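The values are calculated or read from the model by the stated rules, or taken from the named source; none is laboratory data. Just so it is clear, the structure is predicted and the values come from calculations on it, not from any experiment. Quick reminder, even Gly has a Cβ in these numbers, built from the backbone with ideal geometry, and neighbours come from all protein chains shown.
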Amino acid sequence: MRRQTGSDFIFQVFALLFSIILVHAIYVSLIRPTANALLEEQIERQAAGESYVVQRSFYVVLRDYEQEACFILMLWAMAIMGMKARDGVQERRMLERDLLPIDYGTSVLPEDTRALSRSLESLPENQRSLLLPRALNAALQRFGSTRHIGDAANVVKEICDSESDRLDSELAMVRYIAWAIPSIGFIGTVRGIGEALGQAHRAVEGDIAGVTVSLGVAFNSTFVALVLSIIIMFFTHQLQLLQERLVLDTQGYCDDKLLKQLKAD
């Protein structure tokens with residue numbers, strides 16, 4: 001089996017904590033103080049009756065709690081995908097090595113499988129658990145026990161299909177985050193519109209500052225959430241492409257380096 005997922009869970013927990021601390025620190029020290037100062041300046045100029053063009057500030061767009069939550073989730077998802085991409089790169093490096101001491105054109109008989117398996121078992125433990133050594137070792141053991149090439153090919157396909165399903169299932173959290181971010185943005189929209197409606201009587205009296213700020217919360221939260229969701233989905237598809245190519249290339253490696261040279265009695 002592949003390495004235990006306990007370390008992956010610990011990594012995800014610490015990545016979430018780090019994301020919360022980092023993003024909240026940036027919001028508390030920079031984004032919210034700057035945005036509040038800009039909003040207070042706008043309100044003062046409106047109260048003074050000055051005519052001016054309101055500039056759309058980056059800090060004001062990001063200031064609310066919904067946007068902060070979206071950035072925390074995005075950073076968490078990127079950390080998870082970074083870990084998965086690192087594992088994929090490590091797996092792909094194995095495809096660049098000659099793991100089996102077989103000369104080109106040499107036939108591999110069932111009696112030779114034990115010696116070839118020893119070369120795979122001599123690998124470090126962290127490398128033996130990777131997809132390619134597992135597929136090769138399983139094919140050799142199956143061919144040595146059944147003496148049928150078709151059985152060896154089938155076990156390679158089964159292991160690669162199982163690995164593909166596992167990789168896909170481990171992206172479930174990233175897909176959930178990609179779904180949750182727009183939902184949080186819509187929550188901000190509902191909250192902002194609700195606050196604006198609650199201040200409608202003040203707008204009728206001529207004070208539109210509060211309504212303007214509340215509507216800004218509504219639209220800014222949705223805008224930020226949708227942009228971040230697009231970014232996450234792009235990197236998710238890139239990671240899936242990397243993983244799918246890894247599985248396909250592993251099957252091709254096993255076919256070229258081993259299965260084509262097997263010879264039954």
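Mind listing whichever residues of segment 122-163 are more than 20 Å from Gly88 (Cβ to Cβ) and of a type in the set (S, T, N, Q)?
Ser122, Asn137, Gln141, Ser145, Thr146, Asn154
Here's the yes/no breakdown for (1) touching a Gly at 6+ places or on another chain (Cβ under 9 Å); (2) surrounded by fewer than 12 Cβ atoms within 10 Å (Cβ to Cβ):
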{"residue": "Asp103", "(1), (2)": "no, yes"}
{"residue": "Val108", "(1), (2)": "no, no"}
{"residue": "Asp112", "(1), (2)": "yes, no"}
{"residue": "Ser117", "(1), (2)": "yes, no"}
{"residue": "Ser122", "(1), (2)": "no, yes"}
{"residue": "Gln127", "(1), (2)": "no, no"}
{"residue": "Leu131", "(1), (2)": "no, no"}
{"residue": "Arg134", "(1), (2)": "no, no"}
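Could we say that Asp103 is modelled with pLDDT under 85, of a type in the set (Asp, Glu) and assigned to a loop (DSSP other than H, G, I, E, B) here?
Yes.
Does Ala153 fit the bill of being surrounded by fewer than 21 Cβ atoms within 10 Å (Cβ to Cβ) and assigned to a helix (DSSP H, G or I)?
Spelling it out, Ala153 is indeed surrounded by fewer than 21 Cβ atoms within 10 Å (Cβ to Cβ) and assigned to a helix (DSSP H, G or I).
Out of Leu140, Leu136, Leu120, Leu167, I need the residue that is within 24 Å of the chain's Cα centre (by Cα), in a helix (DSSP H, G or I), among the aliphatic types (A, V, I, L, M) and more than 28 Å from Gln67 (Cα to Cα). Which one?
Of Leu140, Leu136, Leu120, Leu167, the one residue that is within 24 Å of the chain's Cα centre (by Cα), in a helix (DSSP H, G or I), among the aliphatic types (A, V, I, L, M) and more than 28 Å from Gln67 (Cα to Cα) is Leu167.
Taking segment 63-101, which residues are in contact with a helix residue (DSSP H, G or I) (Cβ under 7 Å, 6 or more places away or on another chain) and surrounded by fewer than 12 Cβ atoms within 10 Å (Cβ to Cβ)?
Passing the criteria: only Pro101.
Which pairs do you get when a residue that is within 24 Å of Val217 (Cβ to Cβ), found in segment 68-85, comes within reach of a residue that is buried (at least 18 other Cβ atoms within 10 Å of the Cβ) and of a type in the set (Phe, Trp, Tyr), reach meaning Cβ atoms under 7 angstrom, with the pair 6+ apart or on two chains?
Hits for this filter: Glu68/Tyr27.
Pick from segment 250-265 the residues that are surrounded by fewer than 16 Cβ atoms within 10 Å (Cβ to Cβ) and of a type outside the set (A, V, I, L, M, F, W, C): which of them is farthest from the chain's Cα centre (by Cα)?
Checking each candidate, the answer is Asp265.
What single numbered condition from (1) hydroxyl-bearing (Ser, Thr, Tyr); (2) in a helix (DSSP H, G or I); (3) more than 30 Å from Leu39 (Cα to Cα); (4) at pLDDT below 90 fails to hold for Ser162?
It is condition (4) that Ser162 fails.
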